[in-house]
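Input: a single structure, listed below in structure tokens.
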Amino acid sequence: MPKEYPPIEPIRTRYKLDFLNEEQLKSLQEGTYTVLENVGVQFPSQTALSIFAEHGANVDFETQIVKIPRDLVEKAMSTIPRYPTLGARNPEFDLKMQAGVSFFTNDGCGHEVVDFNTGERRPSRKSDVGMMARINDYPSSMALCWTMISAQDCGTTSPLHEIDISWKNNTKHYQSVTMMGEQVCRYGLEMATVLRGNSDEVRKRPPISLIVCTIAPLVQDKEAIEGALVLAKAGIPIVIMSMPTIGTTAPATYAGALVVGDSEVISAAVLLQLASPGAPVFHSLLHAWADPRTAAYVGYPLDSRVRYAPVEMAHHWGMPALGGAFGTETADLADWRSAAEVATDPLLVGLAGAELVTGIGLRDTYTLLYPEAIILDDDLYHQARYNLMEMEVSQETLAIDVISKVKPGGHFLSQKHTRTHMRTAMVRGVIHQLDDLGKYKDPVKYAREKITWIMDNHHPEPPPSEIQRELDRILQAADNELT
């Protein structure tokens, strides 16, 4: 792969902020044990019910509710890898999960686009998926590639077309948020095997992973969970994501909502471990609120203090976590809210220690794409990244000899030390970019210029032609069978 590709710059920090203490974590975990053993979770899948029954869970095949004994939960959870690897097309972009490192990506999967050229608001399509995959490939904030918007022009097999167009335009790890069902996932696995060459290489460096969403409260999605079983067996990483809404699909208390969401995640994780011990599984709990006056979905109320607590819950279980950030509710790109609602997100989720973080680049509660928004959110990301770095304190940076030369009332600009370090002392953000007259540009205008530059100058290397021919064959077979 070409060496000129921009590097991935994750958040690396030794700092840690505890949102929950050990007693609170134990209480939440005990709540989940109780719900799993006494209340249960519904699995509307004969495959899943049979797996649970074979391993001694209390299964009611009529109601499809599974109650999982504590000892079975503990046994299953003990086989989850704490720090899995997500492979990329470019080996230099393989992501090795590790303590103190948070890898970020864009949000997904939106369904509307504000067209970059016409300004028209319209449904998203496959070409938009490809455009955003290419844009994602460039910024150093983007460690992996999510399906940012959906290929609505491709019908039933759109998840497979999204993989195809993303690989043509992106060299990083690809995480699908749309693959569902056993058949689609088998085709997705076949595509991953073609890309890697064989199933052993897929297991060593999985080029794809999958988001599996639960249905709050306490229900699994049949198609999602059966597809996850197929991929987990092959070593493909699975993220189990719960999205409870406080007051409607979850209790109207923080702790109660976290227990509901955690029970959904852990029940699915247990299933995958019973079926495929050692399968890499991530924990993700992204809760929101229901406005009691309107029932509107609210992601950023004034009090949202437990937004990052699920990361600690995941780690308490011994699981890697996917945290959320950047999910502004405004549809206006330049609205005050679009930055204010999310400005602290990357800082706090980095302090929580999430291994993966999603959310960059969408507006209108994760549904609307402005291509240039990814540049604005990238700026907020890097502010957090720099804030969490350690300051270098050395003889060179203390500059005592320089201070001695300048003396009280002097000026540092004449010093060689100043001229050496001044070039890197201030890192320019989007609000500090200069126009031809030496004045600061409008940030949105600069973001649009940056997107244009990326599209004109950044051309990721697609898969080799022989691999692409095989991918085309798989897509054609899937289209013929499933549409």
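None of the figures in this text is laboratory data; all of them are computed from the coordinates on show. Keep in mind that what you see is a predicted model, and the values were worked out from it rather than measured. Glycine also receives a Cβ, built like all others from the backbone with ideal geometry; neighbour counts cover every protein chain displayed.
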Check your understanding: Short version: ³J(HN,Hα) in whole Hz for each residue of segment 160-165, in order, from phi by Karplus 6.51 cos²θ - 1.76 cosθ + 1.60 (θ = phi - 60°), x for Gly and Pro, what are they?
Key -> 6, 5, 5, 4, 4, 6
**Study point:** Gap separating the Cα centres of segment 71-140 and segment 407-483, nearest whole Å
**Key:** 18 Å
Point to revise | Neighbour-limited loop hits for GluC sites (Glu not before Pro), segment 17-80 (at most 16 other Cβ within 10 Å; DSSP other than H, G, I, E, B) | key: Glu62
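Quick check on the chain: of the DSSP beta bridges with both residues there, what percent are antiparallel, nearest 5%? Let's see the in-between values first.
Working: 18 of 47 bridges.
Here the antiparallel bridges make up roughly 40 percent for the chain.
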Point to revise | the chain: calculated mean residue ellipticity at 222 nm from DSSP helix runs of at least 4, using -39500 (n - 2.57) | key: -12500 deg cm²/dmol
Revision key, fill the gap. Under 5 Å from the placed amide H of Cys145, counting only residues 5+ away or on other chains, we find His173, Tyr174, Gln175
Review point. Which of the lysines could be linked to Lys67 by a straight reach, that is with a Cα gap under 19 Å, when you skip same-chain ones fewer than 8 residues away?
Key: Lys75, Lys222
Exercise for review: Quick one: what are the phi-derived ³J(HN,Hα) couplings along segment 247-259, Karplus 6.51/-1.76/1.60 with θ = phi - 60°, whole Hz, x for glycine and proline?
Suggested key: x, 10, 9, 7, x, 8, 10, 4, 4, x, 5, 5, 5
Review point. Using alpha-carbon positions, what is the distance between the centroids of segment 151-207 and segment 308-353, in Å?
Key: 27 Å
Revision key, fill the gap. HN-Hα couplings for segment 121-127 via Karplus (6.51, -1.76, 1.60; θ = phi - 60°), in whole Hz with x for Gly/Pro, come out as 8, 8, x, 6, 9, 4, 4
Point to revise | Long-range amide H partners of Ile246 with built H, under 5 Å | key: Ala288, Trp289, Ala290
Point to revise | Share of Cα-Cα pairs in segment 1-149 lying beyond 25 Å, as whole percent | key: 59 percent
Review point. Straight-line reach from Lys416: which lysines have a Cα under 16 Å away, not including same-chain ones fewer than 8 places off?
Key: Lys405, Lys407
Review point. So which aspartates and glutamates pass the test for Lys96, namely a Cα distance under 17 Å, with those fewer than 8 places away in the same chain ruled out?
Key: Glu9, Glu201, Glu355
Study note, to complete from the structure: Output for segment 328-431: GluC sites (Glu not before Pro) sitting in coil per DSSP, at most 12 other Cβ within 10 Å, listed by number, reads Glu390, Glu392
Check your understanding: Running Debye on segment 75-176 with equal point scatterers at the Cα sites and no solvent, what base-10 log of I(q)/I(0) appears at q = 0.10, 0.15 Å⁻¹?
Key -> -0.33, -0.66
Review point. On the first, second and third principal axes, largest extent first, how far apart are the outermost C-alpha atoms of the chain in Å?
Key: 83, 55, 48
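Taking every pair of Cα atoms in segment 359-483, average 1/r, invert it to obtain the Kirkwood radius, and report Rg/Rh to two decimals.
Working: Rg = 24.0 Å, Rh = 19.9 Å.
Result: Rg/Rh = 1.21.
For segment 5-81, which trypsin sites (Lys or Arg not before Pro) pass both filters: DSSP loop (anything but H, G, I, E, B) and at most 10 other C-beta atoms within 10 Å?
Working: sites: Arg12, Arg14, Lys16, Lys26, Lys67, Arg70, Lys75; in loops: Arg14, Lys16.
Here the sparse-neighbourhood loop sites are Arg14.
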Practice item. Measure nothing but the geometry: give the 0 to 90° angle between the long axis through the Cα atoms of 222-233 and the longest principal axis through the Cα atoms of the chain, rounded to 10°. Key: 80 degrees
**Study point:** Long-range HN-HN contacts of Phe282 with modeled amide H, under 5 Å
**Key:** Ile238, Val239, Ile240
Point to revise | Among Thr79, Ala340, Met422 the positive-end extreme of the charge dipole of the chain (Cβ point charges) | key: Met422
